[in-house]
């Protein structure tokens, strides 16, 4: 287990999580510990561990009592990012070098594998059923989602439902599991457990959609990676899918030429992005995101008026301002 250090009275969950990682995280392998610490030091919103702590608080528990479980949720996310950067040949992550750039692909793959194993060794030793089962099923879904995404590369006929399945598995499941496990350790009622799990699922889908949108509309410095990376990798993201829906033949043919060709110059990508925007891809995406966030917030009704509910709602509302 991660050795828990004393935490002060600071109610800022983000600060609590950061302090916990700074003082308590270490594995038995120093090279892997260094690689993971570099990724943690690069930043991040720590949303998944915050979901765990908020879900526990919603059931009457103290956040500080469950920091180790929350940390495991973030570390699962970190391990997937390390692997993703190898698969995608990414050079930057959160504005710094990807792990593979500093340590090489082989060490990065092994670091991700080791981290997964280390997490599950601790989780199975420290937490009863069903938490280990939920997390192992979540990891299987994440992997399945990544494979489905790879198989969908360049598939201009991918339906919105197919995209949502990918987003659910590769992104939303971990948000949902983070919240569900927090509810379980706090002995939440079945109704409250379902409420936070449903929130995590709907929020996670919206989160992936927003990430897809920002990949085309944000500045590189804001997202910590090159803009248009999804297009370069020929991924079928929601702005593309929605822009193609009802688009004229000329635009569809242009997108098809891009996805089947090798012209990935900034000018070519900018032209595709402009076409997606002019055909409503961005506005339609924002509308769908709002729908999922409203669904997420509505799912919280069984929590009543506890402060954790308001914080969940604030996190959902903040996504639209990203």
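Go through 148, 69 for me and flag whichever is part of a helix (DSSP H, G or I) and in contact (Cβ under 8 Å) with a residue 40 or more places away in the chain.
The unique qualifying residue is 69.
Could you figure out which of (1) free of Cβ contacts under 8 Å to residues at least 12 places away in the same chain; (2) part of a helix (DSSP H, G or I) isn't true of residue 275?
Residue 275 satisfies every listed condition except (1).
If I ask for residues that are part of a loop (DSSP other than H, G, I, E, B) and surrounded by fewer than 14 Cβ atoms within 10 Å (Cβ to Cβ), which ones from the stretch 157-176 would you list?
157, 159
What pairs come out if I take residues in the stretch 91-110 that are at positive phi and pair them with residues that are crowded, with 17+ Cβ neighbours inside 10 Å and part of a loop (DSSP other than H, G, I, E, B) whose C-beta lies under 9 Å away, six or more apart or interchain?
Close Cβ pairs (under 9 Å, with a partner that is crowded, with 17+ Cβ neighbours inside 10 Å and part of a loop (DSSP other than H, G, I, E, B)) amount to 94/42; 94/44; 94/225; 95/42; 95/225.
Could you please find all residues in the stretch 278-320 being over 28 Å from residue 255 (Cβ atoms) and free of Cβ contacts under 8 Å to residues at least 12 places away in the same chain?
Within the stretch 278-320, 294, 298, 304, 305, 310, 314, 318 qualify.
Test residue 301 against the criterion of being surrounded by fewer than 16 Cβ atoms within 10 Å (Cβ to Cβ) and modelled with pLDDT of 95 or more, and give yes or no.
yes
The values are calculated or read from the model by the stated rules, or taken from the named source; none is laboratory data. Values in this document were obtained by computation on a predicted structure and should not be read as measured data. With ideal geometry, Cβ positions are generated from the backbone for all residues, glycine too; neighbour counts draw on all protein chains shown.
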